[in-house]
Amino acid sequence: MKQILVIYTGGTIGMVKDAKTGSLHPFDMSRIYEALPVLRELPCVLDSYRFDPIIDSSNMKPEYWVKLACIIEENYEKYDGFVVLHGTDTMSYTASMLSFMLENLGKPVVLTGSQLPLGMIRTDGRENIIGAVEIASSETVIIPEVCIFFEDKLYRGNRTTKINSEYFEAFYSGNYPSLAKVGINISYKKHLFADMPSNKLKVYKKLDDNIVIVKIFPGLKEEYLKSILSMNGLKAVVLETFGSGNAPTEDWFINCLRDAIDRGIIIYNVTQCKAGAVVMGHYETSTMLAQIGIVGGYDITTESAVAKLMFVLGNYEDKEEIYRMLNTSLRGEITV
Ligand code: ASP
């Protein structure tokens, strides 16, 4: 029997209705078999760990990511797989971050959540938990990746974005196909899985959050951009540009960015589109960006770009090494 650790961090999925008051309160995950007796039919034994306090994922921050990575590290030998129950709002950020923090991961780490609390009649949480546990404890495949299972698909976690706040199909992976699709059977696409590592798990616990996201828009003001780029301690910027990495060509805009780069700030060019890649130099509107030393993010999501920058800045000092890592696929987060 496979041993699976279910880690409950918080979020809608763990909420149940109080029979008397009708209000929602967190469910006691140690009683997961009582809530979902059907889980006993899967060929695995579940243990649970609950964050204390549990958090709405909007309160997610680097110290919780470190805590999560440490829980997985401490229990890595004892369990065959991990299911992380997490609020949907920042699930893609957490999945991306865990993918970077857990190098040489050889066991599945499957995040899931729900749009409706577990205690509600039409909840999607039930199917999501069952699917996530079934995948994490599969006897036929081992997915050595941090994934998100939601609705009927298993995604590479660092490729996802939450795209819907209402419907059950809440996540999207525009630049990498799903790793599995759940219907009558679970059809795994093994050729898309990461390779099984040959080295031991290495957990990185240093993250540097001296970064910002700047989303450009028609009408962006010089004053606004200047004030962000002059923030104390700022080390890197995720610059969300248009289409394939395009931005205004006006002098003030380019000068602001050039000045920041001269001060050692990394500018990471990521597209605002939900699919497709940054190709600097494809249009005149991105040629200058490449010339002043902006780093192209290829087809990385904003969530993954945030995680990757915090990870590389936290663990590497040499600028060349950092630039090299940004241009390399570390955990399958970009197509190079
Ligand atoms: N605000 C909740 C959270 O992200 C929403 C959810 O779980 O879906 O924690």
field: Counted residues, the stretch 118-177 - those being part of a helix (DSSP H, G or I) and crowded, with 24+ Cβ neighbours inside 10 Å
entry: 9
- request: From 280, 288, grab the single residue that is touching a Gly at 6+ places or on another chain (Cβ under 9 Å) and at pLDDT below 95.
  value: 280
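Per-residue answers, yes or no, for (1) more than 13 Å from the chain's Cα centre (by Cα); (2) loosely packed, with under 15 Cβ neighbours inside 10 Å; (3) not β-branched (Val, Ile, Thr):
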{"site": "43", "(1), (2), (3)": "yes, yes, yes"}
{"site": "53", "(1), (2), (3)": "yes, yes, yes"}
{"site": "58", "(1), (2), (3)": "yes, yes, yes"}
{"site": "62", "(1), (2), (3)": "no, no, yes"}
{"site": "76", "(1), (2), (3)": "yes, no, yes"}
{"site": "82", "(1), (2), (3)": "yes, no, yes"}
{"site": "86", "(1), (2), (3)": "no, no, yes"}
{"site": "92", "(1), (2), (3)": "no, no, yes"}
- request: Just one of (1) under 23 Å from residue 273 (Cα atoms); (2) touching a helix residue (DSSP H, G or I) at 6+ places or on another chain (Cβ under 9 Å) trips up residue 153, so point out which.
  value: (2)
message: With out of contact with any Ser or Thr (no Cβ under 6 Å at 6 or more places or on another chain) and of a type in the set (S, T, N, Q) as the only criterion, which of 246, 269, 315 stands out?
response: 315
- prompt: Any idea which of (1) of a type in the set (S, T, N, Q); (2) modelled with pLDDT of 90 or more; (3) over 19 Å from residue 331 (Cα atoms) is the one residue 30 doesn't satisfy?
  reply: (2)
Boolean, residue 67 is surrounded by fewer than 19 Cβ atoms within 10 Å (Cβ to Cβ), basic (Lys, Arg), over 20 Å from residue 128 (Cα atoms) and touching a strand residue (DSSP E or B) at 6+ places or on another chain (Cβ under 7 Å): no
- request: Could you tell me which numbered condition residue 100 fails, if it satisfies all but one of (1) touching a Phe, Trp or Tyr at 6+ places or on another chain (Cβ under 7 Å); (2) within 16 Å of the ligand (Cβ to nearest atom); (3) not polar (S, T, N, Q)?
  value: (2)
field: Selection within the stretch 103-132 - of a type in the set (Asp, Glu) and within 16 Å of the ligand (Cβ to nearest atom)
entry: 124, 127
- prompt: Pick from the stretch 16-63 the residues that are under 28 Å from residue 138 (Cβ atoms) and hydroxyl-bearing (Ser, Thr, Tyr): which of them is farthest from the ligand (Cβ to nearest atom)?
  reply: 33
- request: Identify all residues within the stretch 1-35 that are loosely packed, with under 14 Cβ neighbours inside 10 Å and either in contact with a Leu (Cβ under 7 Å, 6 or more places away or on another chain) or under 17 Å from residue 94 (Cα atoms) (or both); write none if there are none.
  value: 33
- prompt: Does the stretch 92-117 hold any residues that are among the hydroxyl-bearing types (Ser, Thr, Tyr) and assigned to a helix (DSSP H, G or I), and which are they?
  reply: 92, 93, 94, 96, 99
message: Of all residues being among the polar types (S, T, N, Q) and more than 13 Å from the chain's Cα centre (by Cα) in the stretch 301-327, which is nearest to residue 278 (Cα to Cα)? Just the residue, please.
response: 327
Search result, residues across the stretch 178-197 that are free of Cβ contacts under 8 Å to residues at least 12 places away in the same chain and in a loop (DSSP other than H, G, I, E, B): 184, 185
message: Return the residues of the stretch 64-91 that are assigned to a helix (DSSP H, G or I) and either within 11 Å of the ligand (Cβ to nearest atom) or over 18 Å from residue 306 (Cα atoms) (or both); say none if nothing qualifies.
response: 67, 70, 71, 72, 73, 74, 75, 91
message: I need the strands (runs of 3 or more DSSP E) fully contained in the stretch 211-324, keeping only those with at least 2 residues that are surrounded by fewer than 17 Cβ atoms within 10 Å (Cβ to Cβ) and either in contact with a His (Cβ under 7 Å, 6 or more places away or on another chain) or touching a residue at least 12 places away in the same chain (Cβ under 8 Å) (or both).
response: 211-215
- prompt: In the stretch 46-63, which residues are more than 23 Å from residue 124 (Cα to Cα) and not in a helix (DSSP H, G or I)?
  reply: 52, 53, 61
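The values are calculated or read from the model by the stated rules, or taken from the named source; none is laboratory data. Quantities reported herein were computed from a predicted structural model and do not represent experimental measurements. Virtual Cβ from ideal backbone geometry, glycine too; neighbours counted across all protein chains shown.
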